[in-house]
Amino acid sequence: MRSIVKSDLVKPFLISSLIVFLAACSGTPNEPQPYTLAVAHINDHHSHLLPTANRSIRVGDETYKVETGGFARVAAQIDVIRARHENMLTLHAGDAITGTLFYTLFKGEADAALMNHVCFDAMELGNHEFDNGDSGLKQFLDFLSLSNCATVVLGANVQPEVGVSALTQKTRWDSFKPYAVFERGGEKIGLIGLDIAVKTKQSSQPDRTTEFADEYETALYYIRELQGLGIEKIGLLTHIQYRNDLDLAARLPAVDFIIGGDSHTLLGDYTKHGLNAVGPYPMPVMNADNQLVCIGHAWEYSQAVGEMVIEFAGDDVANCGGQAHVLVAEDAPQAIAQLPQFAAIAEQAEAKKLIVSYQDQLDSLTTEVIATVADRLCLRRMGPATSDSCGIGRQSDAHRVVAEAFLASAPQADFALQNGGGVRAEIAPGDFTIADAYRLLPFANTLVEVQITGAELHTVLEQALDYALSDSGSDGAYPHGAGIRFDVDLTAEFGSRFSAIQVWQEDSWQPLDDTKTYTMITNSFLAGGSDGWRLLGELELAGKVTDTYVNYAQSFVDWIRTTKTIKRPTDHSTQRYESGS
């Protein structure tokens, strides 16, 4: 046995003293350490790169018309947020593409260029990223990769078939990842991406072999994987709708924050200003561990940027803070500019220059010929022609092909209906351009899906006709369709004017079943109950209307590119029309 010398006795004392000294400097070893993470985020910009003119914003008794949003303001606001936070993530919660001519003509190149300019840390795949199949999404992701920005694309529950899909030629994670781990201020943050499963599979157009796993089960699996890596600060970047984020947060353990999209939800103190907000920003809820979770959404169409500030005590959230910023022009009235929930900000010069470079190309590209029209397709808002505008006794050809395009864009729908006033031009024979499509369908409408029973559909048709016939109404309410047909008798009483209603199903015309629920595709204007289609407004409030956010003119462009030649239709939805005159 060796002898103990003085130095051996002193070493333990010195070590223990050092531990006490360090503990005194840093606090009790078991005391949770504070840490703050900021997240700048957008979602659902849908190729809306330009500002919105003349949006109404109310302050007190005054209503102002102001310019709002635009991607150049998004870039400017993110710069402001980055300047005031040390530890930060910049996130996009999906549906970057489809919705305007910027996507129709540039197939995601313009969106990717602006996103690369902003330099997002991560983006989640949304349902509309699949609108042009897996190969269309791959094209957009290729554009997104053409920079040093290295945005991580997420999609934990997206399952393309390896070796078949353009997204997964070699492995499942060729084009995107299930999660990413970021280090900020010495802390590791795990971020899991989730796309809305059923909606993407049924209402978008992924490859037939591409599947989408359950959101909850997928999230739980990767939460456990991150915890196995020693990561306890965990966020979800989702495109599954606000109400599903609330549900997921309550069911999952260990989640600290959720940045979401798909439902185009505005959070914050905006309702009194005439904007439809559904709750505070951020929304604080509790997870399955009874720990605080911060949830943030940032509206739509490049109109807002979320700034979430998460304060941690150790690995648990101590406070959800921050502010959603609706972007307004720098010369907005002072009454608006002084409000904390509005950001009066100039467009970032570099981003604006980039947008203008694409906008200049639109002028020439919209003259591109995309189809040939074999015969003149006439236009008549209501009923058969009584003159030679369409040929005596003939229905509107333009409305018929528009409804057909709507139905083709929504393979899950049973039939399409369109109002007479929604189509604004006849279609002349000869070359047909993109500009022609936007003259035909000039409004800012989107396509929506409506879950409607046969009995409800009959009521809607009667309401539309009643409005078309009323002194204070408009013949633009008259219904035109595809995949549906009916007889009309104006001399009958309300409730009996439509008869012999049939829907095309299983390769034959089937009588309308009052008790069956059908999927109807129509435009967002009607879905709000406008033009006398009142019951649709009630169905929307009941949660039976789903906005696809596909611009209705774009759906026509997509259809006509495939069709190549537009022929005069031989059949129309109105089979027999009795006016009594």
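The values are calculated or read from the model by the stated rules, or taken from the named source; none is laboratory data. Note that the structure is predicted; figures quoted are calculated from it, not measured. Cβ coordinates were reconstructed from backbone atoms using ideal geometry, including for glycine residues, and neighbour counts include every protein chain displayed.
Give 514, 531 a once-over and let me know the one that is part of a loop (DSSP other than H, G, I, E, B), surrounded by 15 or more Cβ atoms within 10 Å (Cβ to Cβ) and touching a residue at least 24 places away in the same chain (Cβ under 8 Å).
Selected residue: 531, the only one of 514, 531 that is part of a loop (DSSP other than H, G, I, E, B), surrounded by 15 or more Cβ atoms within 10 Å (Cβ to Cβ) and touching a residue at least 24 places away in the same chain (Cβ under 8 Å).
Every residue in region 392-423 that is surrounded by fewer than 15 Cβ atoms within 10 Å (Cβ to Cβ) and not aliphatic (A, V, I, L, M), please.
Once the filter is applied, which keeps residues that are surrounded by fewer than 15 Cβ atoms within 10 Å (Cβ to Cβ) and not aliphatic (A, V, I, L, M), region 392-423 yields 393, 411, 412.
I'd like to verify a number: residues in region 449-479 that are charged (D, E, K, R) and within 30 Å of residue 200 (Cβ to Cβ), how many?
The number of residues fulfilling the criteria is 2.
Please name all residue pairs, on different chains or six or more residues apart, with Cβ atoms under 6 Å, provided the first residue is in region 160-182 and is buried (at least 18 other Cβ atoms within 10 Å of the Cβ) and part of a loop (DSSP other than H, G, I, E, B) and the second residue is modelled with pLDDT of 95 or more and aromatic (Phe, Trp, Tyr).
What qualifies is 178/222.
Just give me the residues in region 518-528 being part of a strand (DSSP E or B) and of a type in the set (A, V, I, L, M, F, W, C), in sequence order.
Matches in region 518-528: 520, 521.
For every residue, the table says whether it meets (1) at pLDDT 95 or above; (2) in contact with a strand residue (DSSP E or B) (Cβ under 8 Å, 6 or more places away or on another chain).
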residue	(1), (2)
474	no, no
477	no, yes
495	no, no
501	yes, yes
511	yes, yes
514	yes, yes
522	yes, yes
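Is it fair to say residue 110 is touching a residue at least 60 places away in the same chain (Cβ under 8 Å), crowded, with 20+ Cβ neighbours inside 10 Å and among the small types (Gly, Ala, Ser)?
In short, yes.
Look at residue 284 and say whether it is surrounded by fewer than 20 Cβ atoms within 10 Å (Cβ to Cβ), in a strand (DSSP E or B) and either modelled with pLDDT under 95 or outside the structural domain of residue 550 (by TED's automatic domain parsing) (or both).
yes
List the number of the failed condition for residue 80; all other conditions in (1) at pLDDT 95 or above; (2) out of contact with any helix residue (DSSP H, G or I) (no Cβ under 9 Å at 6 or more places or on another chain); (3) part of a loop (DSSP other than H, G, I, E, B) hold.
(3)
Determine the pairs where a residue that is under 14 Å from residue 349 (Cα atoms) and touching a residue at least 60 places away in the same chain (Cβ under 8 Å), located within region 70-98, has a partner that is part of a helix (DSSP H, G or I) and among the charged types (D, E, K, R) with Cβ atoms under 6 Å apart, the partner being 6 or more residues away or on another chain.
Matching pairs, first to second residue: 72/352.
With the checklist (1) under 30 Å from residue 572 (Cα atoms); (2) in a strand (DSSP E or B) in hand, flag the one item residue 381 doesn't pass.
(2)
Any chance region 114-132 includes a residue that's under 18 Å from residue 168 (Cα atoms), surrounded by fewer than 22 Cβ atoms within 10 Å (Cβ to Cβ) and assigned by TED's automatic domain parsing to the domain that holds residue 348?
The answer is yes, given that some residue of region 114-132 is under 18 Å from residue 168 (Cα atoms), surrounded by fewer than 22 Cβ atoms within 10 Å (Cβ to Cβ) and assigned by TED's automatic domain parsing to the domain that holds residue 348.
Within region 347-367, which residues are in a loop (DSSP other than H, G, I, E, B) and under 25 Å from the mean Cα position of the chain (by Cα)?
Residues satisfying the conditions are 347, 348, 366.
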